[in-house]
Amino acid sequence: MRKKDSKVQFLYEDDDIVIISKPAGVYTIPDRYDRTAFNLADLLKKKYGKIYTVHRLDRDTSGIMVFAKTAEAHRDLNQQFLEQKVNKIYHIIIAGVLRQDELDVDIPISENPGKKGLSMPTARGKASLTKLKVLERFRMATFCECNLVTGRHHQIRVHCSAIGYPLLVDEHYGHNTEFLLSSIKRRYNLKKKTEEQPVIDRITMHAYELGFTHPGTKDNISFKSEYPRDFAALLQVLRKYSALPDYSVHRVSSNT
């Protein structure tokens, strides 16, 4: 078993669906440029023989996902996503201090013709809605919950950047490719002949919760994914070295 296989957490399965927690750095489906790159679709096909991809997460986004085991379950879940009946909750850390406790970002999005694979806000784009709620504020960042009402390509990243608060780490829509402890810890000392390692070096976003109607039983079900180590570590250092008590809303446990 390859190293990355062990990081994929299987949270639930039955005759219709499989729920997993995807680690950052893993593709949902085969990459168009490197078909041999490790991806969830191939892993699940080897395990179950037949699997249906319902939705995707960006390679560097961690968190909860659902796959269908049957064509019937696949059609049902696809329809729920299409009709915006799926509860998609993301936890993100953005750059800057967002003052509003709650904010609806209703900005159309389309593909960026000048940057292949990226998206952009434009009046000519498709209707897109992200509901932001502040969970905790720091001196130079804000921890937020996002209700992803629609599901456009890179929607959260585009919306946050469009309102002036890009993800704390986002090389395409923000300003940083990594987050270093030395950027917020005073008198940070590094041992000689050593190089500082980033607290996190991928987009600061985690797919935290997914709720939908079970395609077989028709029960309303919901699943959550614990924060991976890098995301939890980032929250920990922000709370320790960048606390802003006067503007805190409420704290969410790193072990949620």
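Among the residues of the stretch 36-84, the one identified as in contact with a strand residue (DSSP E or B) (Cβ under 6 Å, 6 or more places away or on another chain) and of a type in the set (D, E, K, R) is 59.
Here's the yes/no breakdown for (1) modelled with pLDDT of 95 or more; (2) not charged (D, E, K, R):
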{"site": "10", "(1), (2)": "yes, yes"}
{"site": "15", "(1), (2)": "yes, no"}
{"site": "24", "(1), (2)": "yes, yes"}
{"site": "35", "(1), (2)": "no, no"}
{"site": "64", "(1), (2)": "yes, yes"}
{"site": "116", "(1), (2)": "no, no"}
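Residue 91 falls short on exactly one of the conditions (1) surrounded by 20 or more Cβ atoms within 10 Å (Cβ to Cβ); (2) of a type outside the set (Val, Ile, Thr); (3) farther than 30 Å from residue 134 by Cβ, and that condition is (3).
Within the stretch 31-48, the set of residues being among the polar types (S, T, N, Q) and either in a loop (DSSP other than H, G, I, E, B) or within 19 Å of residue 86 (Cβ to Cβ) (or both) comprises 36 only.
Of the strands (runs of 3 or more DSSP E) lying entirely inside the stretch 79-194, the ones with 1 or more residues being among the charged types (D, E, K, R) and touching a helix residue (DSSP H, G or I) at 6+ places or on another chain (Cβ under 7 Å) are found at 129-137. Among the residues of the stretch 142-152, is any over 16 Å from residue 207 (Cα atoms) and either in contact (Cβ under 8 Å) with a residue 24 or more places away in the chain or more than 16 Å from the chain's Cα centre (by Cα) (or both)? Within the stretch 142-152, one or more residues are over 16 Å from residue 207 (Cα atoms) and either in contact (Cβ under 8 Å) with a residue 24 or more places away in the chain or more than 16 Å from the chain's Cα centre (by Cα) (or both). For the stretch 195-214, a residue qualifies if it is among the charged types (D, E, K, R), modelled with pLDDT of 95 or more and either surrounded by fewer than 17 Cβ atoms within 10 Å (Cβ to Cβ) or in a loop (DSSP other than H, G, I, E, B) (or both), and the qualifying residues are 201, 202. State whether one or more residues within the stretch 37-53 are surrounded by 18 or more Cβ atoms within 10 Å (Cβ to Cβ), touching a helix residue (DSSP H, G or I) at 6+ places or on another chain (Cβ under 6 Å) and within 29 Å of residue 143 (Cβ to Cβ). Checked the stretch 37-53: no residue is surrounded by 18 or more Cβ atoms within 10 Å (Cβ to Cβ), touching a helix residue (DSSP H, G or I) at 6+ places or on another chain (Cβ under 6 Å) and within 29 Å of residue 143 (Cβ to Cβ).
For the stretch 49-78, a tally of residues being in contact with a Gly (Cβ under 8 Å, 6 or more places away or on another chain) and assigned to a loop (DSSP other than H, G, I, E, B) returns 4. Exactly one residue among 15, 76 is exposed (fewer than 13 other Cβ atoms within 10 Å of the Cβ) and in contact (Cβ under 8 Å) with a residue 12 or more places away in the chain, and that residue is 15.
Looking at (1) within 19 Å of residue 96 (Cβ to Cβ); (2) at pLDDT 95 or above; (3) among the hydrophobic types (A, V, I, L, M, F, W, C); (4) outside any helix (DSSP H, G or I), which one does residue 231 not meet, given that it meets all the others? Going through the list (1) within 19 Å of residue 96 (Cβ to Cβ); (2) at pLDDT 95 or above; (3) among the hydrophobic types (A, V, I, L, M, F, W, C); (4) outside any helix (DSSP H, G or I), residue 231 breaks only (4).
The values are calculated or read from the model by the stated rules, or taken from the named source; none is laboratory data. From a predicted model like this one, the values you see are computed outputs, not experimental measurements. All Cβ positions, glycine included, derive from the backbone under ideal geometry; neighbour counts span all protein chains shown.
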